[in-house]
1. Enumerate the strands (runs of 3 or more DSSP E) found wholly within segment 251-334, keeping only those where 2 or more residues are under 24 Å from the mean Cα position of the chain (by Cα) and touching a residue at least 60 places away in the same chain (Cβ under 8 Å).
2. Is it the case that Arg249 is under 18 Å from Val210 (Cβ atoms), touching a Ser or Thr at 6+ places or on another chain (Cβ under 8 Å) and modelled with pLDDT of 90 or more?
3. If I ask for residues that are surrounded by 20 or more Cβ atoms within 10 Å (Cβ to Cβ) and modelled with pLDDT of 90 or more, which ones from segment 255-270 would you list?
4. Residue by residue through segment 291-309, note down the ones that are surrounded by 19 or more Cβ atoms within 10 Å (Cβ to Cβ) and under 16 Å from Phe279 (Cβ atoms).
5. Being of a type outside the set (Gly, Ala, Ser), in the same structural domain as Val326 (by TED's automatic domain parsing) and closer than 19 Å to Ser22 by Cα is true for just one of Gln272, Gln257. Which residue is that?
6. Of all residues in segment 101-117, count the ones that are modelled with pLDDT under 80, among the small types (Gly, Ala, Ser) and in a strand (DSSP E or B).
7. Looking only at segment 145-157, count how many residues are modelled with pLDDT of 75 or more and loosely packed, with under 14 Cβ neighbours inside 10 Å.
8. Mind listing whichever residues of segment 219-254 are in contact with a Leu (Cβ under 9 Å, 6 or more places away or on another chain) and under 20 Å from Tyr310 (Cβ atoms)?
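The values are calculated or read from the model by the stated rules, or taken from the named source; none is laboratory data. Bear in mind the structure is a predicted one, so any value in this text is a computation, not a measurement. Counting neighbours? That spans all protein chains shown, and the Cβs are built from the backbone with ideal geometry, glycine included.
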Amino acid sequence: MRRSRLFLVFLLVPAPLFAQASTSLSTFVAAGSGIEGTPVLVGGALTSEMGRIGLRLGVGIDGRDTPLGGALRASGNEAAWAADLDVVGSAGGLVRALSPYYITAGLGVRSVTRNGSSSMTPVASVGAGYRADLVRRIGIEAETRYRTPLAGSTPVGSSGVEFRLGLSLRVHGGGDREAPRPRARRSPPPPPAVTAPRVSAAAPVVVQRVLQDASQYLGTSYLWGGSNPDKGFDCSGFVQHVFAKQGIRLPRVSRDQAAAGSPLSMELDKLQPGDLLLFASDGSWIDHVAIYAGDGWILHSSSSGGGVRYDQLSGPRGDWYVRKLVGARRVVGT
């Protein structure tokens, strides 16, 4: 029961060090861990992702030590546990709700207790998996990895393939990082437009105020995780800030802002000033947001553009945004 309590404490530990990253908690069941006499591990993991790269800390305990694990207790080890620290990367998705990922490097330990004596060995692992969104913030994960004891260690169990199935809950999202522009563009980014597109007088007053206020921040530096005009903005921090000044509360990160308001057609001639445009560099994982300013212009805080600026969707830079546009939302008047 002591290991069960430690496992629960692990799941509840906050992640202040990952305050500017997308953070998720997950639970899993793993089979084929290579620990002799332990058919199933039950565990949890804390994952912090910054763009396409992240760190994951996972702990698993012998399924027989859990409240539901009595049926698993048979001959073999008295107890077992495993822990891993993995570098994980996103491979992008073929469809929006299904994202492959890979474990580029994993280091961990495995431990067993027999007759009151514990043995522990370090292990290395590589693997890959798929993560599928079920509902907002909740997903299902399926993973396989190959584990092997490190050279010079005393093996606990053997090398082998582990299979894992679990549920994940995204509990925090941090700053967004706009994806790099196409490799063909090697010159410095062009200066921001200084003349605001004309906003129709027929536009709602709140939209006119949002765009007028947002244009005052032209030239403000880009800062990943930033939401303060004195220090800098990232894309979603900028959007959240200017709408909040007009009493419109939006989530902090672009992936959550993609669920705000009501969905729209992505045809430009059907958009109105003040609409939000969402972009995904890999076609599935939303990593940038901009405010539609009308007449084919967007107003945003761009990492490649150096900060808050206008960009014309029909211009040289606009081609990337048109190709990576994956959603549009209306948050005013909904």
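1. Values: elements: 276-279, 288-294, 297-302, 307-312, 325-330.
Those strands (runs of 3 or more DSSP E) span 288-294, 297-302, 307-312, 325-330.
2. no
3. Those that are surrounded by 20 or more Cβ atoms within 10 Å (Cβ to Cβ) and modelled with pLDDT of 90 or more: Gln257, Ala258.
4. Ile291, Tyr292, Ala293, Trp297, Ile298, Leu299, His300, Ser301, Ser302, Ser303, Gly305, Arg309
5. On the way: Gln272 fails: closer than 19 Å to Ser22 by Cα.
Going through Gln272, Gln257 in turn, the sole match is Gln257.
6. Summing the residues that are modelled with pLDDT under 80, among the small types (Gly, Ala, Ser) and in a strand (DSSP E or B) in segment 101-117 gives 2.
7. So the answer is 1.
8. Gly232, Phe233, Asp234, Ser236, Gly237, Phe238, Val239, Gln240, Val242, Phe243, Ser254
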